[in-house]
Amino acid sequence: MMERISRRSLIESLCGGLGSIGLAGMLAPEARGGLGLTMVDLVLILEETGRCAAPEPIVETAAFGVPLLDRTDLTVAAGQELVPWADTADVIVTAAGRFDPGAVELIAYPSVDGARRMFEVRGTPAPIADDVLAAAFDRGVVGTAAQQCGLAQRMLDMTAGYAKERRQFGVAIGSFQAVKHHLANARIALEFARPLVYRAAATLDPVHASMAKCKADEAALVTARAALQCHGAIGYTTEYDLHLYLKRAWALARSMGDGPLHRNRIGAAIL
């Protein structure tokens with residue numbers, strides 16, 4: 001019980017800080033206490049929350065939940081079979097509908113990312129119209145893609161900095177051609193992903209959202225692999241922060257739809 005209280009206090013503290021600058025209500029109209037901005041504005045902030053691997057349901061609340069529920073005062077947890085942060089949310093949303101956290105049974109599951117506590121939600125949901133839920137899902141997809149870009153940038157920056165400092169054979173390892181190639185490939189993947197994320201934010205087209213998620217996931221995973229290889233053994237240690245970003249990138253690659261789901265959506269549109 002004390003663990004749940006302390007976790008909720010932490011989430012409320014973090015959300016309170018972000019809420020004080022209006023992040024949660026960016027997509028809500030001013031008449032509802034929001035900022036009346038667009039997804040184009042929000043993805044820039046979400047990219048920064050990815051860069052710092054913020055441990056709370058920011059995308060699920062600001063991009064997915066606030067326009068769906070038309071409220072800015074609720075923390076939202078959203079997912080498919082498993083829902084991250086369901087133990088501290090005010091509202092839980094899955095493909096089945098909306099759940100009241102006080103009237104559900106939560107079954108905890110392990111997660112590769114320890115900051116994303118995963119739960120199976122058992123209960124009776126209130127239905128949500130399919131078109132409304134689909135629009136929320138696409139916003140969540142774009143928001144998650146933006147976070148992946150932020151994660152990729154952070155891992156790239158960390159690795160470039162490490163490659164300048166770590167010396168082997170009397171020189172910085174960043175001078176080795178193989179290391180340069182790894183980092184160049186990561187940078188190229190990120191530069192291809194960002195424009196797709198920004199386009200998807202502008203159009204909110206489902207196919208554009210899927211294209212953005214596919215490329216952003218690819219950029220994050222390519223960068224994660226390069227970062228781990230260039231760091232060597234220190235990249236595996238929990239006292240070095242790289243693992244926080246690696247694990248978040250791996251987890252988000254399966255959040256708001258995985259690669260096969262989004263590639264199928266793109267393929268169906270093409271064919």
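Each Lys or Arg adds one and each Asp or Glu subtracts one; over the other residues with Cβ under 12 Å from the Cβ of Val179, this totals +3.
Computed over the range 16-164, the quotient of the alpha carbon radius of gyration and 2.2 N^0.38 Å is 1.07.
Residue ranking by accessible heavy-atom surface, 1.4 Å probe, largest first, among His262, His208 comes out as His208, His262. Looking at the chain, the accessible area is 48 square angstrom per residue; that uses a 1.4 Å probe and ignores ligands, DNA and RNA.
Please report the antiparallel percentage of the DSSP beta bridges confined to the chain, to the nearest 5. In the chain, DSSP labels about 80 percent of beta bridges as antiparallel. Rolling a 1.4 Å probe over the protein heavy atoms leaves Trp250 with an accessible area of roughly 110 Å².
Give the shape of the range 82-134 as rounded, prolate or oblate, defined through the alpha-carbon gyration tensor: a ≥ b ≥ c are the square roots of its eigenvalues, a/c under 1.5 means rounded, and otherwise the shape is prolate if a/b is larger than b/c and oblate if not. Cα axes put the range 82-134 in the prolate bin. Ranking Ile58, Ile234 by solvent-accessible area of protein heavy atoms (1.4 Å probe, all protein chains present), from largest to smallest, gives Ile234, Ile58.
For the chain, the longest piece that avoids every one of the GluC sites (Glu not before Pro) found in DSSP loops with at most 15 other C-beta atoms within 10 Å covers 82-238. Think of it as helices only: each DSSP H run of n ≥ 4 in the chain is worth -39500 (n - 2.57), and spread over all residues that comes to -18500 deg cm²/dmol at 222 nm.
Excluding same-chain neighbours fewer than eight residues apart, the lysines reachable from Lys213 by a Cα-Cα span under 19 Å are Lys247. Of the accessible area of the range 122-271, with the probe set at 1.4 angstrom, what percent is carbon plus sulfur? Whole-percent figure for carbon plus sulfur exposure: 59. For chymotrypsin sites (Phe, Trp or Tyr not before Pro), the sites in the range 118-176 that DSSP calls loop and that have at most 12 other Cβ atoms within 10 Å are Phe169.
Here the range 224-271 and the range 129-205 have alpha carbon centers that stand 10 Å from each other. Taken over the chain, the convex hull of the Cα atoms encloses 132 Å³ per residue.
Across the range 116-271, counting alpha-carbon atoms alone, Rg and Dmax equal 18.1, 65 Å. Divide the volume of the convex hull around the Cα atoms of the range 47-121 by the residue count and you get 92 Å³ per residue. A viscosity of 1.567 mPa s and a temperature of 4 °C, combined with the Kirkwood radius over Cα pairs in Stokes-Einstein, give a translational diffusion coefficient for the range 195-249 of 104 µm²/s.
The values are calculated or read from the model by the stated rules, or taken from the named source; none is laboratory data. This is a predicted model, so every value here is computed, not measured. Neighbour counts are summed over all protein chains in view; Cβ atoms, including those assigned to glycine, are modelled from backbone coordinates with ideal geometry. Side chains included, ligands, DNA and RNA excluded: accessible areas come from the protein's heavy atoms. Shrake-Rupley method; radii C 1.70, N 1.55, O 1.52, S 1.80 Å.
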